[in-house]
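I have placed the structure first, in the form of structure tokens, so that the comments after it can refer back to it.
The values are calculated or read from the model by the stated rules, or taken from the named source; none is laboratory data. Note that the coordinates shown come from a computational prediction; the quantities given were computed from them, not determined experimentally. Positions of Cβ are backbone-derived with ideal geometry, glycine not excepted, and every protein chain shown enters the neighbour counts. These accessible areas exclude ligands, DNA and RNA; they are computed on the full protein's heavy atoms, side chains included. Shrake-Rupley method; radii C 1.70, N 1.55, O 1.52, S 1.80 Å.
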Amino acid sequence: MSDQEIWRLGAAALANKTRSGDISAAEATESALTRLDAVNPELNAVVAPLHDAARARAAALDAAANERGPLHGVPVTIKINVDQKGQATSNGVPAFKDVIAPDDAPIVRNLENAGAVIIGRTNTPEFSFRADTDNPLHGRTNNPWGLHTSPGGSSGGAGSAVMAGIGALAHGNDIGGSLRFPAAANGAVTIKSGLGRVPAWNPSQKAERGLLAQSMSVQGLITRAARDLHLAMPVLIQPDPRDPFHVPLPWHGPRASGPIRVAVTKSGHGFGVHPRVEAAIDHAAAALRDAGYVVEDVEPPLLYETAREGYRALMGEVKTLMGPDIRAHGSDTIRSIFDTYFVEFPPLVGDELLHALARRSHFARAWSVFLDHYPLVLTPFMLQPFFAPGRDTEGRDGVVDALGTAIYSYSMNYLGLPAGCLPALLADLPQGPCPINVQLIGQRWREDMVVDAMIAVEDRLGGLSETLWDRMS
């Protein structure tokens, strides 16, 4: 492997080489920056490159040779809706382009404390609230598989960047699917952690977020390989006193005493399920059986009801707390999308919202009992191959395709359960190649168990990065 091809290494493989001294932090950083310069002009995934700062950081790491953290010299990107000291936390909104972070968010601090090198900041849609990535400040992000398919959102820049080889890890966040949508769109791997797992706070924020935003939104990473999550996620969950609700548990929980049961569902709950999505579930289920898991076709409880009520509750909070900013500072496009959201998901407000929040425990309890017997649940993520760019701007039908059918996604945010997402096949469709990802749901605070299962699937089915890079070259 030439110096310029170091960018091909995943986070775990690269960290082994930088920590041993086989590769310097400067070499790892320069290779990532070279890749960024080569492919980002067509992708617009990284909208704030940080070449000079990254080189200086790498040089400092190399100079401190005896202090090598678990991510020593590993290039990473940060999404533009999270504070990085001295950088704009614009959230894709022109009116916020001069909101300069006074300090680092916990996730940025934890990554840097572990030795990571931030090489740039990645794109997001306006207000980070779309399943696609485009905004009037930085423009559209493209999917490296082609212009026929969206890069997903809201961490679309992160998903596009990491799969194209720009950094070994890409930070993102997820309130209804914003880590998993880009993973699915780009054929990447991620885990949405459970409630309270990763400390979070933006020092630049002027007011506290709503209760549902606090309990549904999580910080995380998008990677090219599941094993990289076992390296990097323990870094992310390090405590930070600025998040008073952080749960200080170790990454690895107790080992299972016997074979782990996995419930499998392919139900569309009234929406159509594409044959390639069904095939992806079958492939993943077979891989888990081969790895020794006990896989059974079982329908989990109250999935559709949890999803719909949870997202209607979130829309009630969003309309009340974010609505004025969206009206004042949003583009015509984002205002129209939110108008359609409110039609598809009629907001719960007032007494209705309070009753819904009370019922949240009912849904969570049903899932807790179910997961006591089936610690893992294999589900579709999207019910159809990923949609085309701008689909959510095409009225209610577009919003249903892009978000309304994603019941397996935002239901897990409402429950606060961990949910991993990884590719199970590559569909060659008339419009072009489309990765098909599946989702693995786990018991509360057992992200490690989900990642173990994703590794088992990946070991048998393989990843998609090399195939993508061959197509890009």
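Skip the ligands, DNA and RNA, and give the accessible area per residue of the stretch 382-473 with a 1.4 Å probe, whole Å². Provide the component values of the computation, followed by the final result.
Details: 2790 Å² over 92 residues.
Counting only protein heavy atoms, the per-residue value for the stretch 382-473 is 30 Å².
With both partners inside the chain, how many of the DSSP beta bridges are antiparallel, as a percent to the nearest 5? Before the final figure, lay out the partial values.
Working: 29 of 43 bridges.
So the antiparallel bridges amount to about 65 percent of the total.
At a threshold of 8 angstrom on Cα-Cα distance, excluding pairs fewer than six apart, so keeping six or more, what relative contact order does the chain reach in percent?
Details: 1107 pairs, mean separation 78.9, N = 473.
After rounding, I find 17 percent.
Run the accessible area of the chain with a 1.4 Å probe and give the carbon-and-sulfur part as a rounded percent.
Numbers: 8770 of 17160 Å².
The value for the chain is 51 percent carbon and sulfur by accessible area.
Pull out a ≥ b ≥ c, the square roots of the eigenvalues of the alpha-carbon gyration tensor of the stretch 277-412, then state rounded if a/c is under 1.5, prolate if not and a/b is larger than b/c, and oblate in the remaining case. Could you put the intermediate results ahead of the total?
Details: a/c = 3.38, a/b = 1.50, b/c = 2.25.
Taking the square roots of the gyration eigenvalues as a ≥ b ≥ c, the stretch 277-412 is oblate.
Distance in nm between label sites at Ala65 and Gln431, each 7 Å beyond Cα in the beta-carbon direction?
5.4 nm
Subtract the Cα-Cα distance of Lys97 and Gln205 from 0.36 nm times their separation in residues, and report this length gain in nm to one decimal.
37.5 nm
Taking a 30 Å limit on the Cα-Cα distance, which of the listed pairs Lys192/Lys319; Lys17/Lys97; Lys97/Lys192; Lys79/Lys319 fall beyond it? Working shown, then result.
Numbers: Lys192/Lys319 24 Å; Lys17/Lys97 38 Å; Lys97/Lys192 28 Å; Lys79/Lys319 24 Å.
Where the Cα-Cα span goes over 30 Å, the pairs concerned are Lys17/Lys97.
When only alpha-carbon atoms count, how far does the chain stretch along each of its three principal axes, as whole angstroms with the largest first?
Projected onto its principal axes, the Cα set of the chain covers 58, 55, 49 Å.
Apply the Kirkwood formula to the stretch 120-254: the hydrodynamic radius equals the inverse of the mean of 1/r over all pairs of different alpha-carbon atoms; give it in Å with one decimal. Let's see the in-between values first.
Working: mean 1/r = 0.0657 Å⁻¹.
Its Kirkwood hydrodynamic radius stands at 15.2 Å.
Give me the extension gain from Arg335 to Arg471: residue separation times 0.36 nm, minus the current Cα-Cα distance, reported in nm with one decimal. Show your work: numbers first, answer last.
Values: separation 136, 0.36 × 136 = 48.96 nm, distance 3.67 nm.
Gain on stretching Arg335 to Arg471: 45.3 nm.
Hey, can you rank 298-308, 345-355 by average C-beta count inside 10 Å, highest first?
Numbers: 298-308: 18.3, 345-355: 15.5.
Descending packing order for the listed peptides: 298-308, 345-355.
Take the Cβ-Cβ distance between Ser361 and Arg289 as r, set R0 to 41 Å, and report the resulting FRET efficiency rounded to the nearest 0.05.
On the way: r = 34 Å, r/R0 = 0.83.
After rounding to 0.05, the efficiency reads 0.75.
At 1.306 mPa s and 10 °C, plugging the Kirkwood radius over alpha-carbon pairs of the stretch 230-314 into Stokes-Einstein gives what diffusion coefficient in µm²/s? Walk me through the numbers before you get to the answer.
Working: Rh = 16.7 Å.
This corresponds to a translational diffusion coefficient of 95 µm²/s.
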